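Since every read-out is calculated from the coordinates, none of them should be taken as a lab result. The model shown is predicted, which means the values in this text are computed figures rather than measured ones. Here the Cβ positions follow ideal geometry from the backbone for every residue, glycine too, while neighbour counts run over all protein chains shown.
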């Protein structure tokens with residue numbers, strides 16, 4: 001039986017190849033879409049131990065500096081540090097030269113991010129230099145920065161340009177995204193804009209993720225009746241809120257994926273119907289020889305399942321090979337995509353879709369073959 | 001000698017099942033392509049409706065959007081009274097300072113995003129004449145009232161007519177819903193500048209100023225005057241230019257996505273078309289042989305099958321475009337990548353987009369069908385006639 005199904009597949013090699021190829025391309029696309037969605041939902045480098053406090057209005061509204069001490073002294077909070085998103089332009093406006101730049105506080109930054117490693121001398125050197133900055137290792141390597149190098153960043157959100165000197169390089173091998181960030185002294189920013197005490201976000205490190213809800217509630221309640229109410233959320237929720245802002249992208253991708261699946265279903269169903277039509281007489285012969293309905297049903301289904309699985313496996317395989325390349329290309333425009341990879345879940349979903357399409361498209365011809373009356377089948381030989 | 005077109009079309013529908021399934025597969029590819037491009041089309045339409053070439057947008061020097069920009073009241077007074085700013089019948093300048101504030105709000109379907117809240121002075125309504133209250137009334141300054149763009153009102157429960165929304169610690173009442181010719185302003189909340197600045201405890205008064213000039217040429221002159229003034233530290237640009245950048249940033253992602261999808265899906269569909277056309281050719285070996293024996297040349301056979309494949313693609317393209325038509329007017333929302341606030345827009349299946357869809361299907365059909373047509377034309381008559 002198995003041999004017969006295989007032989008049938010190879011009978012019209014051109015047709016099988018074309019069908020497998022079209023399946024392959026569709027699955028390649030589907031797995032890319034799935035990986036994109038995974039990427040949008042990724043929260044690499046976030047910790048359950050950290051809480052972000054920001055203005056309840058939006059990130060564009062800043063908070064008073066006086067809040068710092070107040071959040072720092074909340075129960076379960078071990079350390080708190082202010083961060084201001086500076087944005088700005090380094091070299092030119094091309095997306096590949098974009099990376100996160102924050103105005104930070106050298107004394108507390110690494111207490112809130114203990115997973116970032118920096119030498120104590122380097123940290124001291126940064127704290128001592130108002131114009132100093134520290135950068136992640138990946139970032140420093142990308143631009144070939146060495147300690148003592150000066151760089152220039154043009155301001156856009158803040159009306160001030162930065163002339164910075166590299167004082168330290170921090171590392172975090174586990175989450176490369178965290179190594180692509182630049183921190184400079186917030187004191188420098190404040191002097192530049194001539195205004196003191198405006199903070200974008202406060203990042204808190206808490207003693208245990210179990211106290212996350214308590215800390216968030218306490219922080220929000222603390223400023224409930226003040227001029228600037230705050231919103232406190234876990235680092236993960238904070239990162240996911242950016243993907244949420246993209247709107248119904250997930251719905252869009254799902255609809256596209258569905259249309260692609262329907263499209264390949266048509267293609268494989270078509271192939272299976274063509275293959276079955278050619279073999280009507282053969283089915284009659286098999287039946288005459290004593291093959292029963294169930295066997296014939298399985299024979300056709302095995303063939304279509306094989307086509308579906310083969311196409312899916314090739315598509316997923318090609319996608320696994322291509323993804324780092326596509327990711328690197330897209331990463332130049334949108335850095336998020338730099339780490340595009342095929343996950344085990346993507347493989348499983350891709351193969352399952354391939355198998356389902358194969359089985360469904362073979363179902364019609366299989367039932368027809370099983371039901372076929374011998375007389376009708378054999379009559380067609382002539 | 002050419003083979004009549006009727007022959008090709010009829011042949012396609014002899015094997016209905018196969019042909020219809022292939023048409024179906026290509027049509028879905030077209031649907032996806034047109035659908036994604038319609039998002040880009042809708043975004044472009046929303047932003048281009050917002051720009052008037054006689055209007056000038058003034059921002060802080062170095063800022064790229066209103067969200068990043070801020071300046072003082074003195075500068076705003078200077079701008080409004082600048083020579084070159086047009087005046088209305090009462091002699092009042094057609095110009096207004098505005099504040100753009102982002103506020104996090106919850107969507108009806110779940111999820112949160114930044115919504116643009118615009119603090120405006122009454123004179124703005126004389127410059128932005130396309131803004132018309134369609135339900136309720138205009139806000140009255142000093143009473144904590146706002147009006148809401150119609151596409152926002154549909155998506156945010158807090159922004160429906162009659163409901164109350166908290167800005168800072170001040171509850172604002174939604175007293176009107178406005179239309180703005182389908183432009184991106186329909187994704188904004190408008191309220192009195194002073195009330196909103198107070199509620200949000202803003203230090204800087206203005207984000208931008210909108211100046212109306214008598215003509216596009218006068219607008220250019222105004223732009224040059226503002227940029228040339230070293231004391232102001234402001235930058236100015238014609239309004240269409242300001243919104244064109246936002247349109248490009250927002251629609252670029254959809255155009256890239258649409259084209260990437262189209263390439264992948266169309267390659268897959270090409271194989272389907274190839275399958276169908278090979279089946280056509282192999283089923284009609286004898287027929288082709290007969291045609292050749294009658295004196296039709298190889299290139300006529302080639303052309304006949306290519307036309308057949310083209311018809312297949314064309315029908316699929318039209319079918320896919322028809323399937324995509326109901327998408328027209330469907331509202332979608334995404335993030336304005338320049339201001340980081342939500343923009344709600346309607347999908348637009350503009351004629352050029354439908355044309356691109358049909359073209360894609362046509363190319364798919366012809367490219368997919370060509371190998372089969374080639375093989376049909378190449379085979380020797382003797383071999384063809386021997387087939388039954």
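Pick out which of A:107, A:219, A:26 has the largest mean-square fluctuation in a Gaussian network model of chain A, springs linking Cα atoms closer than 10 Å.
A:107
Please report Rg over Rh for the range A:57-228, where both radii come from the alpha carbon positions and Rh follows the Kirkwood definition. Display every interim value, and only then the final one.
Details: Rg = 16.5 Å, Rh = 17.0 Å.
With Rg and the Kirkwood Rh in hand, the quotient comes to 0.97.
On a C-alpha basis, how far is the centre of the range A:259-315 from the centre of the range B:309-388 in Å? Whole number, if you could?
28 Å
Of the DSSP beta bridges with both residues in chain A, give the percent that are antiparallel, rounding to the nearest 5.
Numbers: 31 of 40 bridges.
Looking only at bridges with both residues in chain A, the antiparallel portion is about 80 percent.
Once label points are set 7 Å from the Cα along Cα→Cβ at both residue A:161 and residue A:318, what is their separation, rounded to one decimal in nm?
Distance between the two pseudo-spin positions: 4.9 nm.
Using 7 Å Cα-to-Cβ label points, what is the residue B:260/residue A:73 separation (nm, one decimal)?
5.1 nm
Between residue B:224 and residue A:107, what is the label-to-label distance in nm when each label sits 7 Å out along the Cα-to-Cβ direction?
5.4 nm
Residue A:92 to residue B:2: FRET efficiency via 1/(1 + (r/R0)^6), r the Cβ-Cβ distance, R0 56 Å, to the nearest 0.05?
0.50
On a 0 to 90° scale, report how tilted helix A:212-222 is relative to the longest principal axis of chain A, with both axes built from alpha carbons and the result rounded to the nearest 10.
Tilt of helix A:212-222: around 50 degrees.
For residue B:382 and residue B:132, compute 0.36 nm times the residue count separating them, minus their Cα-Cα distance, and round to one decimal in nm.
Numbers: separation 250, 0.36 × 250 = 90.00 nm, distance 7.68 nm.
Length gained between residue B:382 and residue B:132: 82.3 nm.
Roughly how tilted is helix B:16-48, in degrees to the nearest 10 and between 0 and 90, from the longest Cα axis of chain B?
On a 0 to 90 degree scale, this one is about 20.
Taking the convex hull of the alpha carbon atoms in the range B:241-377, what volume per residue do you get, in Å³? Can you show the working numbers first?
Details: hull volume 15.9 nm³, N = 137.
With only Cα atoms used, the range B:241-377 gives 116 Å³ per residue.
Which whole number gives the average, over all residues in A:231-242, of C-beta atoms from other chains lying within 10 Å of the residue C-beta? Walk me through the intermediate numbers first.
On the way: counts 2, 0, 0, 0, 0, 0, 0, 0, 0, 1, 5, 3.
The mean count of partner-chain Cβ atoms within 10 Å per residue comes to 1.
Per-residue ellipticity at 222 nm for chain A, helices alone: DSSP H runs ≥ 4 residues times -39500 (n - 2.57), over residue total, nearest 500 deg cm²/dmol? Before the final figure, lay out each step's value.
On the way: 14 runs with 211 residues, N = 382.
The helix contribution divided over chain A gives -18000 deg cm²/dmol.
So what is the relative contact order for chain A, in percent, with contacts set as C-alpha pairs under 8 Å and at least six apart? Write down the numbers at each step before the final one.
Details: 636 pairs, mean separation 103.6, N = 382.
Relative contact order, chain A: 27 percent.
When A:175, B:382 are ordered from fewest to most other Cβ atoms inside 10 Å of their Cβ, what list results? Write down the numbers at each step before the final one.
On the way: A:175 14, B:382 10.
With the sparsest Cβ surroundings first, the list reads B:382, A:175.
Using DSSP, restrict attention to beta bridges with both residues in the range A:104-169 and report what percent are antiparallel, rounded to the nearest 5. Numbers along the way, then the final one.
On the way: 4 of 8 bridges.
Just about 50 percent of them are antiparallel.
Under the classification rounded if a/c is under 1.5, otherwise prolate if a/b is larger than b/c and oblate if not, where does the range B:210-299 fall, given a ≥ b ≥ c as square roots of the Cα gyration tensor eigenvalues?
Values: a/c = 7.61, a/b = 3.62, b/c = 2.10.
Since a/c reaches 1.5 and a/b is larger than b/c, the shape of the range B:210-299 is classed as prolate.
Nearest 5 percent is fine: what portion of the DSSP beta bridges confined to the range A:57-228 is antiparallel? Before the final figure, lay out each step's value.
On the way: 21 of 30 bridges.
Just about 70 percent of them are antiparallel.
For the range A:57-228, what's the relative contact order in percent, using C-alpha pairs closer than 8 Å and at least 6 residues apart? Intermediate results must be reported in sequence, preceding the final value.
On the way: 308 pairs, mean separation 58.5, N = 172.
Here the relative contact order equals 34 percent.
Which order, highest average first, do B:257-267, A:138-148 follow once you tally other Cβ atoms within 10 Å for each residue and take the mean per peptide? All intermediate terms of the calculation are to be shown ahead of the outcome.
On the way: B:257-267: 20.5, A:138-148: 14.0.
Per-residue Cβ counts within 10 Å, averaged per peptide and sorted highest first, yield B:257-267, A:138-148.
Rounding to the nearest 10 and keeping the result within 0 to 90°, find how far the Cα-based axis of helix A:2-11 lies from the longest principal axis of chain A.
Long axis of A:2-11 versus the principal axis of chain A: about 90 degrees.
Report the Cα centroid-to-centroid distance between the range A:102-124 and the range A:1-49 in angstrom, as an integer.
Spelled out, the Cα-based centre of one part sits 45 Å from the other.
When you have a sec, figure out the Kirkwood radius of the range A:217-293 from all distinct Cα pair distances and drop it here in Å to one decimal?
Details: mean 1/r = 0.0534 Å⁻¹.
After inverting the pairwise mean of 1/r, the radius is 18.7 Å.
Is chain A rounded, prolate or oblate when judged by the Cα gyration tensor, a ≥ b ≥ c being the square roots of its eigenvalues, rounded requiring a/c under 1.5 and prolate requiring a/b larger than b/c? Working shown, then result.
On the way: a/c = 3.79, a/b = 2.77, b/c = 1.37.
Judged from the Cα gyration tensor, chain A comes out prolate (a/c at least 1.5, a/b above b/c).
Which of A:226, A:319, A:47 ends up with the largest GNM mean-square fluctuation for chain A, with Cα atoms connected below 10 Å?
It is A:226.
Would you calculate a helix-derived [θ] at 222 nm for chain B, using -39,500 (n - 2.57) for each DSSP H run of n ≥ 4 and dividing by the full residue count, to the nearest 500? Provide the component values of the computation, followed by the final result.
Details: 12 runs with 194 residues, N = 388.
Value at 222 nm, helices only: -16500 deg cm²/dmol.
Please compute the alpha carbon radius of gyration of the protein assembly as shown, then divide it by the globular-protein estimate 2.2 N^0.38 Å. Two decimals is fine.
Numbers: Rg = 32.2 Å, N = 770, 2.2 N^0.38 = 27.5 Å.
So the Cα radius of gyration is 1.17 times the expected 2.2 N^0.38 Å.
Rank these for me by crowding, B:115, B:56, B:338, going from fewest to most other beta carbons within 10 Å.
Numbers: B:115 27, B:56 30, B:338 20.
Going from sparsest to densest Cβ surroundings: B:338, B:115, B:56.
Taking each residue of B:271-282 in turn, how many C-beta atoms of other protein chains fall within 10 Å of its C-beta, and what is the average?
Details: counts 14, 11, 3, 7, 13, 5, 0, 5, 8, 0, 0, 4.
Shielding by partners across B:271-282 averages 6.
Give the average, rounded to an integer, of partner chain Cβ atoms located within 10 angstrom of each Cβ in A:148-160. List each step's numbers first, then the result.
Numbers: counts 0, 0, 0, 0, 0, 0, 1, 3, 7, 7, 3, 9, 1.
Mean number of neighbouring Cβ atoms from other chains: 2.
Using alpha carbon centroids, what distance separates the range B:236-259 and the range A:181-221, in Å?
The distance from the Cα centre of the range B:236-259 to that of the range A:181-221 comes to 34 Å.
By count of other Cβ within 10 Å, fewest leading, how are A:69, A:76, B:212, A:117 ordered? Please list the in-between numbers first.
Numbers: A:69 9, A:76 16, B:212 25, A:117 13.
Listing A:69, A:76, B:212, A:117 from fewest to most nearby Cβ atoms yields A:69, A:117, A:76, B:212.
First measure r as the distance between the Cβ atoms of residue B:287 and residue A:289, then evaluate 1/(1 + (r/R0)^6) with R0 = 25 Å and state the FRET efficiency to the nearest 0.05. Walk me through the numbers before you get to the answer.
Details: r = 34 Å, r/R0 = 1.37.
The calculated FRET efficiency here is 0.15.
Normalised by the number of residues in the range B:22-118, what is the relative contact order in percent for Cα pairs under 8 Å and 6+ residues apart? All intermediate terms of the calculation are to be shown ahead of the outcome.
Values: 56 pairs, mean separation 13.4, N = 97.
14 percent.
Return the FRET efficiency for the residue pair residue A:224, residue A:374: r is the Cβ-Cβ distance, R0 is 60 Å, and the value is rounded to the nearest 0.05. Write out the running numbers ahead of the final one.
Numbers: r = 83 Å, r/R0 = 1.38.
Result of the calculation: an efficiency of 0.15.
Which of the three applies to the range B:124-170, rounded, prolate or oblate, going by the alpha-carbon gyration tensor with a ≥ b ≥ c and a/c under 1.5 meaning rounded? The partial results should precede the final answer.
Working: a/c = 2.07, a/b = 1.25, b/c = 1.65.
Here the range B:124-170 falls in the oblate category.
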